[in-house]
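I have placed the structure first, in the form of structure tokens, so that the comments after it can refer back to it.
Rule-based calculations on the coordinates, nothing more; no lab input. As the structure is a prediction and not an experimental result, all values here were calculated from the model. Positions of Cβ are generated from backbone atoms using ideal geometry, with glycine treated the same way; all protein chains shown enter the neighbour counts.
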Amino acid sequence: MSKNKTIASALGAVAAALALSASAQETKLPATLTVTAYETGSNGFNQAVAVGAMLKKSFGTDMRVLPAGNDVARLGPLKAGRAQASAMGIGTYFAQEGVLEFAVKEWGPQPLQLILSASTCSGQSLGAANDAGIKSAADMKGKRAGIVVGSPAVNQSVLALIAFGGWTPNDVKLVEFASYGAMMKGVVNNEIDLFFASTISGLAKEIESSPRGITWVSMPASDKAGWARLQKIAPYFYPHKSTCGAGFAKGQTVETSVYPYPIFMAYGTQDAGTIHALTKAMLTHYDEYKDAVPGVDGLEGKRQNLQWTMPYHAGAVRALTEAKLWTEAAQKHNEALLKRQATLANAWKDYLKTNPPEDRDQFRAGWMKMRAAALTKAGMEVLFQ
């Protein structure tokens, strides 16, 4: 190598090091971060890995992504202080509310707060086998709908989505499966007609390529009564115009339901400086990871739903404010959600002081009663009664 090339190479290395140092100083990211996510190979895991690769390249931060099979397992390391954040699903909301699998003595309502969440061209909605004759929500009566043992997120969503059409569990035939994968295979095997899924999931693609085919039940935003019924059961859903996924023709749009996935979140007690640095890095270096894996482009700042069902972390609010994305309306909404979390936390403390029963069902029943009373007294919507 010539002397000039050696000098140029050295200067390039110095410039890269200085740039890396400048980025690190600007955002003050820690040397290491630990984030939990869905199982290896899931879209949520892949998105977390993509963000981690950006942090390593631009800031020198090593982000370890820990896969976990359920919401409790994903939150455990955060609660214990072994992880700083998680790429969660809708279990984030159940944990905030202290319901379903979190209505137990070991958990209760958790003060979880948003960093950023992904919203893209896909929907999280009610799919149907194309040969089942389901053209609209009005056609669901008497059809077979899949639910999964030990999966409140799936089952709550199914009940909410059939309610859009004005139906109750008694109006459809609920068929129980041991796992989500088994349920989706049940569609292919003609065991069920209706199922909850992401339009871009690999399992939905398998149904599309099967003899039964796939379609998505239309849920127009203009159907105010339908959406009121749906959101009374699952307020985390909102109307969305889906344009991609299994069963979509080029240029096709279907009005579906959706909620963000994955949901990057942390405990409200997590250091605000760390969350600010992480959020700012994800916003300002978006172009470095937006094309890394499907769906990760949904983390773009302008795609954030700033008035969803979960409050944003103070560190994230600071970063969003600096990016000129935060609004007065978002702030007002955030403050109301933080008050809800405080109300739930106080109700939980009061409930534990009553020496509640050890039996899990009795414990849950007692908590849900006290939870409802506390929210009602505070003038807040109860939900999950």
Study note, to complete from the structure: Ranked by GNM mean-square fluctuation in the chain (Cα springs under 10 Å), the top entry among L55, L194, L375 is L375
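Tell me, in nm to one decimal, what length is gained between K332 and E101 on full extension, where the rule is 0.36 nm per residue of separation less the Cα-Cα distance? It would help to have the intermediate numbers written out before the result.
Working: separation 231, 0.36 × 231 = 83.16 nm, distance 2.98 nm.
Result for the pair: 80.2 nm of gain on full extension.
Go through K56/K185; K232/K369; K250/K280 and tell me which ones have a Cα-Cα distance over 29 Å in this structure.
Values: K56/K185 39 Å; K232/K369 18 Å; K250/K280 35 Å.
Correct reply: K56/K185; K250/K280.
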Check your understanding: Treating the beta-carbon of each Lys and Arg as +1 and of each Asp and Glu as -1, no other charges, what is the dipole magnitude of the stretch 266-385 about its Cα centre, to the nearest 20 debye?
Key -> 520 debye
Review point. For the stretch 144-213, which GluC sites (Glu not before Pro) are in a loop by DSSP, counting at most 16 other Cβ atoms within 10 Å?
Key: E191
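Determine the dipole magnitude for the chain: charges of +1 sit on the beta-carbon of Lys and Arg, -1 on that of Asp and Glu, nothing else is charged, the reference point is the Cα centre, and the result goes in debye to the nearest 20. Display every interim value, and only then the final one.
Working: 39 positive and 31 negative charges, 107 e Å.
The calculation lands at about 520 debye.
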Study note, to complete from the structure: Here the percent of antiparallel bridges among DSSP beta bridges lying wholly in the chain, to the nearest 5, is 60 percent
Check your understanding: How much length is gained on full extension from R303 to N70, taking 0.36 nm per residue of separation minus their Cα-Cα distance?
Key -> 81.2 nm
Point to revise | Dipole of the chain, positive direction: furthest Cα of V172, A153, G44, with charges on the beta-carbon | key: G44
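Determine, for S157, S151, S136, the number of other Cβ atoms within 10 Å of each Cβ, and report the residues in order from fewest to most. It would help to have the intermediate numbers written out before the result.
Working: S157 25, S151 21, S136 12.
Fewest-to-most ranking of S157, S151, S136: S136, S151, S157.
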Practice item. Going by C-beta contacts inside 10 Å, put K143, K302, K250, K369 in order with the fewest on the left. Key: K250, K302, K369, K143
Study note, to complete from the structure: For the chain, averaging the sequence separation of alpha carbon pairs under 8 Å that lie six or more residues apart and dividing by its residue count, the contact order in percent is 20 percent
Revision key, fill the gap. The farthest towards the positive end of the charge dipole of the chain, of the residues A345, W216, Y259, given +1 on Cβ of Lys and Arg and -1 on Cβ of Asp and Glu, is A345
Study note, to complete from the structure: About its Cα centre, the stretch 124-258 carries a charge dipole, from +1 on Lys and Arg Cβ atoms and -1 on Asp and Glu Cβ atoms, whose size in debye to the nearest 20 is 200 debye
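Order these by the 10 Å Cβ neighbour count, fewest first: V104, V187.
Values: V104 14, V187 26.
If I rank by nearby Cβ atoms, fewest first, I get V104, V187.
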Check your understanding: With each run of n ≥ 4 DSSP H residues scored as -39500 (n - 2.57), what mean residue ellipticity at 222 nm is computed for the chain after dividing by its residue count and rounding to the nearest 500 deg cm²/dmol?
Key -> -13500 deg cm²/dmol
Exercise for review: Please give the length that would be gained between V149 and T168 if that part of the chain were fully extended, namely 0.36 nm times their separation in residues minus their C-alpha to C-alpha distance (nm, one decimal).
Suggested key: 4.9 nm
